[in-house]
Amino acid sequence: MNPGCKIAAATLAALLLLHSSALAAPGTPLVKNRYYYEKRGEMIWEVPTNEHVIALTFDDGPDPAETQQILNVLQRYDAKCTFFAIGKKLAAYPEVAKQIVSEGHELANHTYNHVYFKRPISGSALQHELELTENEIVKISGKHSRLFRPPGGMYDETLVTVANNMGLKPVLWSWHQDTKDWNRPGVYNIANKVLRNAHSGDIVLFHDYVHGSSQTKQALEIILPELKKRGFRFVTVSELIGLSSMAFELRGAVK
């Protein structure tokens with residue numbers, strides 16, 4: 001079995017497992033897991049599509065050094081990506097964020113203070129974090145974002161409901177595309193993680209700020225030309241959603 005088939009089989013098996021756990025027997029509590037939220041279109045991990053596209057995403061910036069280096073690489077390969085930005089860093093480095101937008105990338109919400117929300121998540125605390133960050137995004141881009149990534153991938157029903165009601169779709173990442181670049185596992189380990197597992201509709205997790213010496217820029221120098229050689233097109237998460245074979249609602253600006 002070739003690697004692509006193995007990945008597809010593993011993904012199908014995982015979804016079937018999630019499906020079976022979500023369909024509880026009568027009288028038992030409903031399990032609100034990935035399958036539940038994906039089926040309702042309330043959260044996104046990856047996007048089923050017939051297009052040969054992939055969405056690269058970057059968390060925890062902007063950073064005046066690392067984000068700039070990453071933008072330079074992306075520009076060389078005409079790769080449009082989504083940056084899940086921290087609000088207080090947007091306030092600190094608005095010019096870097098403006099460059100992200102001016103070069104055709106997507107700016108999205110990653111909370112103001114990079115809060116790891118503990119369950120049960122406080123709806124008011126979450127809304128405050130999202131609103132503060134949206135204010136910074138509007139200052140920079142002139143419009144609200146449409147996507148939100150909770151730090152650490154932590155979520156519960158309150159987070160999903162509050163974010164969606166604010167017009168912010170919670171977006172995580174493909175389980176097979178967590179590069180763990182924040183842990184600096186090695187340039188080739190990062191690159192091989194993406195290249196071995198790449199298939200259409202993936203959402204790949206990177207960071208444009210890493211404590212210490214980041215390896216992400218060097219890994220992108222390997223990843224981007226190889227994926228382009230394979231015929232992949234690099235799109236933002238919103239563009240990826242627009243190419244989906246499933247129905248996802250992306251609302252307009254937050255009121």
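Descriptive notes on the structure:
- By the Stokes-Einstein formula, at 0.692 mPa s and 37 °C, the chain with its Kirkwood radius over alpha-carbon pairs has D equal to 177 µm²/s.
- Percent of C-alpha pairs per 5 Å bin in region 159-255, short distances first: 2, 12, 19, 20, 17, 13, 11, 6, 0.
- Remark: the chain carries 46 Å² of accessible area per residue (probe radius 1.4 Å; ligands, DNA and RNA excluded).
- Choice from Thr82, Thr158, Thr236 showing the highest fluctuation, given a GNM over the chain with Cα pairs closer than 10 Å: Thr158
- ³J(HN,Hα), Karplus 6.51/-1.76/1.60, whole Hz, each residue of region 96-108, x for Gly, Pro: 5, 5, 5, 5, 3, 5, 5, 8, x, 8, 9, 9, 9
- Centre separation in Å (Cα based) which lies between region 116-155 and region 182-246: 24 Å
- Rounded percent of accessible protein surface that carbon and sulfur make up, region 87-186, 1.4 Å probe: 51 percent
- Residues Tyr188, Tyr77, sorted by accessible area with the largest first, give Tyr188, Tyr77 [1.4 Å probe; ligands and nucleic acids excluded].
- Region 199-251, accessible surface, carbon-and-sulfur percent (1.4 angstrom probe): 50 percent
- Long-range HN-HN contacts of Val53 with modeled amide H, under 5 Å: Gly201, Arg233
- Of Lys89/Lys217; Lys88/Lys118; Lys89/Lys228; Lys88/Lys193; Lys193/Lys229; Lys89/Lys118, those spanning more than 26 Å from alpha-carbon to alpha-carbon: Lys89/Lys228; Lys88/Lys193
- Amide H contacts of Val115 (H built 1.01 Å from N, under 5 Å, at least 5 apart or other chain): none
- Helix-derived mean residue ellipticity, 222 nm - over the chain, DSSP H n ≥ 4, -39500 (n - 2.57), to 500: -13000 deg cm²/dmol
- This model, with +1 at the C-beta of Lys and Arg and -1 at the C-beta of Asp and Glu, gives region 98-221 a dipole about its Cα centre of some 160 debye.
The values are calculated or read from the model by the stated rules, or taken from the named source; none is laboratory data. Not measured: the values here are computed from a predicted model. Cβ atoms come from the backbone with ideal geometry, glycine included; neighbour counts cover every protein chain shown. We work out accessible area using only protein heavy atoms, side chains counted, and drop any ligands, DNA or RNA first. Shrake-Rupley method; radii C 1.70, N 1.55, O 1.52, S 1.80 Å.
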